[in-house]
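First comes the structure, then the notes that go with it.
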Amino acid sequence: MDTLGVVMNGVTGRMGYRQHLVRSVLAINEQGGVELSDGRRVTLRPVLVGRSAAKLEAIAARHGIPDWTTDLGAALADDRNAVYFDAQITNARIGAVTRAIEAGKHVYTEKPTAENLDDAVALARAAREAGVKNGVVADKLFLPGLLKLRRLIDGGFFGRILSVRGEFGYWVFEGDWQPAQRPSWNYRAEDGGGIVLDMFPHWAYVLENLFGRIEAVTARAVTHVEERVDEHGRPYKVTADDAAYAIFELAGGVVAQINSSWAVRVNRDELVEFQVDGTHGSAVAGLRRCRVQHRSATPMPVWNPDLPVTEPFREQWQEVPDNAEFGNGFKTQWEMFVRHVVEDAPFPYDLASGARGVQLAGLGLRSSAEGVRVEVPGAGA
Ligand SMILES: NC(=O)c1ccc[n+]([C@@H]2O[C@H](COP(=O)([O-])OP(=O)(O)OC[C@H]3O[C@@H](n4cnc5c(N)ncnc54)[C@H](O)[C@@H]3O)[C@@H](O)[C@H]2O)c1
């Protein structure tokens, strides 16, 4: 059995620990590794890296992981480590991933890959020139609800797709009378926070992979909650956007409208939902569920405010069955990346696609600041 050494930076954080270390890397080892096309299996040897020895030691002890260090340079200098993974706070990423590329490591990273387009492009270019494999987390595409949506698209269910409406968000507590459920750096622009930088990279790969290239964006980013209380009970001023209302124009004329907000209360079935309307049918996809309405089963509402609602609209949709086992999406993508590294299997979510996500965030913020519709450079060509 082959073993791949993976340097994991940021495993004390929410994403790094739960989704990447526990639910992906350790889960892969528990299942006996990643199966390659010839039947061989590759297990992963995580090397935990971070700033706090005490926290790393505690995680290592909890999971029986022998290798951890606060010295990134030493981990990168070790030839047994072929892959570097980064789930650090966003603004720490560029430096660490650059060092990993310079050390000749294959790199896999959380999104956004950088805080601005120049850095994101520089990272993609550095990886290409160094000839290292590279990948970016695109977890939303692997959600059961979106996998069902993709199945509908591939099966021609929609006819011509006209529009997409996405609702993402939930109330993030301010931190005063109830603790905030997201880290405080998310609300400080100077620390790489902001919902546009956080979520537009997701919308970029979701839209381009499912519906088509993004040609233009019109966005309004705002800070609804202006003061919050941090992890240490200290009030701080919010300097980053906590909601964004955006319209994305896609190749082929599809219009996608997506609201992203940490200042909205949920009156939906799931924390993210996309409604897709096509000439032949419509669907509403969430994290797990997907419901459809075919043209043949579409009711004919008539606008009459004098009458109570006559149709049970929500009940007129049909559940799309699973028809498959959906594993954890982060783990599925790790397995893909391992196959990409070991046997050159395809992996489309590279640093160049990550840079397009960062680009979309930058254009969205520009659209908002200037109050204009912004075309995506090169997209129309
Ligand atoms: N794919 C997704 O769905 C998804 C969801 C949430 C966050 N993320 C991304 O994952 C990354 C981590 O987010 P998170 O929510 O896990 O954050 P977090 O605050 O829980 O974790 C941040 C990690 O970075 C480390 N770190 C390094 N330098 C730091 C510094 N100067 N200040 C603070 N922490 C520092 C921390 O020790 C910790 O391990 C971010 O880039 C974020 O955009 C992705």
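The values are calculated or read from the model by the stated rules, or taken from the named source; none is laboratory data. Only a predicted model underlies this, so the values are computations on that prediction, with no experimental measurement involved. Cβ placement follows ideal geometry from the backbone for every residue including glycine, while neighbour counts extend to all protein chains displayed. When the accessible area is computed, the model is the full protein with side chains, heavy atoms only, and any ligands, DNA or RNA have been set aside. Shrake-Rupley method; radii C 1.70, N 1.55, O 1.52, S 1.80 Å.
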- [ ] Before anything else, pin down the relative contact order of the chain: Cα pairs under 8 Å, at least 6 apart, normalised by residue count, whole percent.
- [x] 20
Open item on the list: If the only charges are +1 at each Lys and Arg Cβ and -1 at each Asp and Glu Cβ, what is the size of the charge dipole of the chain around the Cα centre, to the nearest 20 debye?
Closed with: 340
Open item on the list: What distance in nm separates the two pseudo spin-label positions at Ala77 and Val309, each 7 Å out from Cα along the beta-carbon direction?
Closed with: 6.6
Open item on the list: Report the number of Lys pairs in the chain whose alpha-carbons are under 28 Å apart, with separation of 8 or more residues or on distinct chains.
Closed with: 15
Task: Within-10-Å neighbourhood charge of Ala251 [Cβ basis; K, R +1; D, E -1] - done: -2
- [ ] Please identify, among Asn81, Asn91, Asn304, the residue showing maximal mean-square fluctuation in a Gaussian network model of the chain using a 10 angstrom Cα cutoff.
- [x] Asn304
TODO: With a Förster radius of 30 Å, plug the Cβ-Cβ distance of Glu319 and Glu370 into 1/(1 + (r/R0)^6) and report the FRET value to the nearest 0.05.
DONE: 0.10
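What longest region of the chain stays clear of chymotrypsin sites (Phe, Trp or Tyr not before Pro) that DSSP places outside H, G, I, E and B and that have at most 13 other Cβ atoms within 10 Å? Numbers along the way, then the final one.
On the way: sites that count: Trp177, Trp303.
By the stated rule (loop sites, at most 13 other Cβ atoms within 10 Å), 1-176.
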- [ ] Principal axes first, then extents: for the Cα atoms of the chain, list largest minus smallest coordinate on each axis, whole Å, largest first.
- [x] 73, 54, 44
Open item on the list: Tell me which GluC sites (Glu not before Pro) from region 223-277 have a DSSP coil assignment and no more than 14 other beta carbons within 10 Å of their own.
Closed with: Glu226, Glu231
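For every other residue with a beta carbon closer than 12 angstrom to the beta carbon of Asn134, add +1 if it is Lys or Arg and -1 if Asp or Glu, then tell me the sum. Intermediate results must be reported in sequence, preceding the final value.
On the way: positive: Lys105, Arg125, Arg128, Lys133; negative: Asp86, Glu129, Asp350.
Net charge in that neighbourhood comes out at +1.
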TODO: Of the DSSP beta bridges with both residues in the chain, give the percent that are antiparallel, rounding to the nearest 5.
DONE: 60
Task: Accessible-area composition of the chain, carbon plus sulfur, in percent [1.4 Å probe] - done: 50
Open item on the list: For a quick check: with amide H placed at 1.01 Å from N, whose amide H comes under 5 Å from Asp230's, ignoring anything fewer than 5 positions away on the same chain?
Closed with: Tyr236
Open item on the list: Quick check on the chain: helices-only [θ] at 222 nm, where DSSP H runs of length 4 and up contribute -39,500 (n - 2.57) each and the sum goes over total residues. Nearest 500, please.
Closed with: -8500 deg cm²/dmol
Open item on the list: Could you identify which residue out of Asp350, Asp242, Asp322 has the top mean-square fluctuation in a GNM of the chain using Cα springs shorter than 10 Å?
Closed with: Asp322
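Once the cut-off is 14 Å, how many percent of the Cα-Cα pairs in region 46-92 end up in the long-distance tail? It would help to have the intermediate numbers written out before the result.
Details: 559 of 1081 pairs.
Pairs farther apart than 14 Å: 52 percent.
Skip the ligands, DNA and RNA, and give the accessible area per residue of the chain with a 1.4 Å probe, whole Å². Before the final figure, lay out the partial values.
Numbers: 17960 Å² over 381 residues.
Accessible area per residue: 47 Å².
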Task: Pairwise label distance in nanometres, Arg288 with Asn209, each label 7 Å out on the Cα-Cβ vector - done: 2.1
Task: Evaluated over region 189-315, the Cα radius of gyration and Dmax, each in Å - done: 18.6, 57
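What stretch of the chain, leaving out the sites themselves, is the longest with no trypsin sites (Lys or Arg not before Pro) in a DSSP loop having at most 13 other Cβ atoms within 10 Å? Working shown, then result.
Numbers: sites that count: Arg40, Arg51, Arg80, Arg160, Arg265, Arg373.
Answer from the scan: 266-372.
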Open item on the list: Can you give the FRET efficiency to the nearest 0.05 for Thr239 and Glu102, using r as the Cβ-Cβ distance and R₀ = 25 Å?
Closed with: 0.20
Task: Residue-span extension gain [Arg268 to Asp38] - 0.36 nm each, minus C-alpha spacing - done: 78.4 nm
TODO: Provide, as a two-decimal number, the C-alpha radius of gyration of region 1-137 over 2.2 N^0.38 Å, N being how many residues it has.
DONE: 1.01
Task: Segment His280-Arg125, extension gain: residue separation times 0.36 nm, minus the distance between their alpha carbons - done: 51.6 nm
